[in-house]
Amino acid sequence: MKTIKLIFLGPPGAGKGTQAVNLAVQWETLHISSGDMLRESIKNKEPLGLKAKNYMLKGELVPDNIVISMVMEKISSNTNNKGFVLDGFPRTSNQAKKLDTVMADEGIILDAVVYFETSEETVLRRLSGRRVCRNCGANYHLTNMLPKIAGVCDKCKGPLYHREDDKPEAIRKRLEVYKNKTTPLLSYYKKSGLLKTINGDLEVQEAFEEIKNKVTGAWCSGAWCSGFLKDDTC
Ligand code: AMP
């Protein structure tokens, strides 16, 4: 069976992480989130996390040399050739070029880059109301994705918190950084014919359907088909 390899591109708060988690479950792919990996590293007080922490708190990008090696290691360790969804990486032209080189060296072929086109209003609403489990990283929202018990994660009972970089000043900085450093990647991937745009303003389930339709074709008997995953369940 063909495995799928995707990049999710879009501003913070576009829903990339939520959709990547959903797809990772349905396709049994790896969800590779550079932000989650950095937060885990900070939680474990690792040298890499300590170097990254101040950049993250201010909403700035962590230097390429730290992030690139961390993500490349993860991709290269995917020895059973599972599919993957890259969420939050690449974020700079330098990261995108490095990723291309490593994938070419390892014979990895990217299927699509999914761009979550999202309004600033949606981003601000989602980020200011987002709450995250300190233990397992699951995401909630104060208006439309409440946990069963206030402040407590449904999945692992860990405490929920408001990310420091989801507060107004850091959000402003993250949006500025996104515009300056990350949006140039849209034309980079458009040129290579990989870019597929979805509406990031949609609610979770609708956005999920749009990704399925645009990226993989129809959903058939519980398996991805339309020539994408050619297996005998279609
Ligand atoms: P995220 O969880 O994807 O919103 O990322 C949170 C923060 O982690 C970002 O604001 C950056 O400080 C840092 N970060 C995550 N991914 C990258 C990346 N690819 N390059 C540089 N910094 C990153």
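The values are calculated or read from the model by the stated rules, or taken from the named source; none is laboratory data. Quick caveat, the model's predicted, so the values are computed rather than measured. All Cβ positions, even for glycine, are placed from backbone atoms using ideal geometry, and neighbour counts span all protein chains on display. SASA here: full protein model, heavy atoms, side chains in, ligands and nucleic acids out. Shrake-Rupley method; radii C 1.70, N 1.55, O 1.52, S 1.80 Å.
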Test: residue in segment 17-34 that is under 17 Å from the mean Cα position of the chain (by Cα), open to solvent by less than 40 Å² (accessible area, probe 1.4 Å), more than 11 Å from the ligand (Cβ to nearest atom) and small (Gly, Ala, Ser): yes
Pairs where the first residue, in segment 180-195, is of a type outside the set (A, V, I, L, M) and the second is open to solvent by 40 Å² or more (accessible area, probe 1.4 Å), C-beta under 7 Å, 6+ apart: 181/61; 181/91; 182/91; 184/93; 188/93; 189/195
Answer from 38, 48 - the residue that is under 30 Å from residue 215 (Cα atoms), touching a Leu at 6+ places or on another chain (Cβ under 9 Å) and not charged (D, E, K, R): 38
Qualifying residue in segment 183-194 (condition: polar (S, T, N, Q), farther than 30 Å from residue 77 by Cα and surrounded by fewer than 15 Cβ atoms within 10 Å (Cβ to Cβ)): no
Subset tally (residues that are in a helix (DSSP H, G or I), open to solvent by 50 Å² or more (accessible area, probe 1.4 Å) and closer than 20 Å to residue 175 by Cβ) for segment 37-78: 5
Filter result for residue 94 (open to solvent by 70 Å² or more (accessible area, probe 1.4 Å), in contact with a helix residue (DSSP H, G or I) (Cβ under 8 Å, 6 or more places away or on another chain) and not small (Gly, Ala, Ser)): yes
Subset tally (residues that are surrounded by fewer than 18 Cβ atoms within 10 Å (Cβ to Cβ) and under 24 Å from residue 19 (Cβ atoms)) for segment 79-91: 3
Flag if residue 6 is open to solvent by less than 40 Å² (accessible area, probe 1.4 Å), over 24 Å from residue 171 (Cα atoms) and either more than 8 Å from the ligand (Cβ to nearest atom) or in a helix (DSSP H, G or I) (or both): yes
Residues located in segment 159-179, provided they are of a type in the set (A, V, I, L, M) and touching a residue at least 40 places away in the same chain (Cβ under 8 Å): 170, 171, 175, 177
